[in-house]
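The values are calculated or read from the model by the stated rules, or taken from the named source; none is laboratory data. These figures come from a predicted structure and were not determined experimentally. Cβ coordinates were reconstructed from backbone atoms using ideal geometry, including for glycine residues, and neighbour counts include every protein chain displayed.
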Amino acid sequence: MRTSISPRWLSSEEIPLPNYNVRDVVKKPEKNLTGKIAPDDAALFRAAVGGVQPLAEQNRVTPQPVPRKPVLRSPAAAPEIIDSLSDGCPANSFSDFAPENAADEFLGNGLSRMTLRKLRRGTWPIQDSLDLHGNHTDAARKLLQEFLHEAAQRNLRCVLVIHGKGLNSRGGEAVLRKLARHWLTQHPHVLAYCDAPTQYGGSGAVLVLLKAGS
């Protein structure tokens, strides 16, 4: 007669556990302080890409910057200069437009005669000049107005206007000389004028004094 022996189960408190240290079980990977690739890793990399060849230099495409489209800007419109100068009384011929007498000098209202003396002596140096030779009435008047407008924008004080003596004009009449001086007396920026010195044309030109900061 056999006697059966049932197994005896040990409780968890009775099972001896080995004394493990967590630091011994989980090992941290060693740090590569040198920054160099380990020989084993380098060998694995070469085995993986062993058949790859670097691209030839001539096959490389260098990226080019995208060109910018120029910005088109419309030019600023030139200011319109109002034609406010009068030729005189209308008549049938070109010469009849000129006033009867072209004054040798002009002085604005309220200015002292000393201003003209200073202008003749060259107190204000000539800063720019305009030659009206060869122009007819309309062209000469327009050129003179544009010239005086620009001179005022540049804050010029003294300019020279050459109109000629009329020696080569039809009938020997100095029409342009009369008209130019007549126009100058009407212009709001003109303070005074007088005959130019001999070296600048004498009676065939005129020194013009302009307002300061006009």
Residues of the range 136-163 classified as of a type outside the set (A, V, I, L, M, F, W, C) and not in a helix (DSSP H, G or I), total: 5
Can you go through Leu111, Leu143 and tell me which one is in contact (Cβ under 8 Å) with a residue 12 or more places away in the chain, surrounded by 11 or more Cβ atoms within 10 Å (Cβ to Cβ) and more than 18 Å from Cys194 (Cα to Cα)? Leu143
List every residue pair whose Cβ atoms lie under 6 Å apart, where the two residues are 6 or more positions apart in sequence or sit on different chains, the first residue falls within the range 163-181 and is at pLDDT below 65, and the second residue, located anywhere, is not polar (S, T, N, Q). Glu173/Gly166
If only one of Glu146, Glu105 is under 38 Å from the mean Cα position of the chain (by Cα) and on the phi < 0 side of the Ramachandran plot, which one is it? Glu146
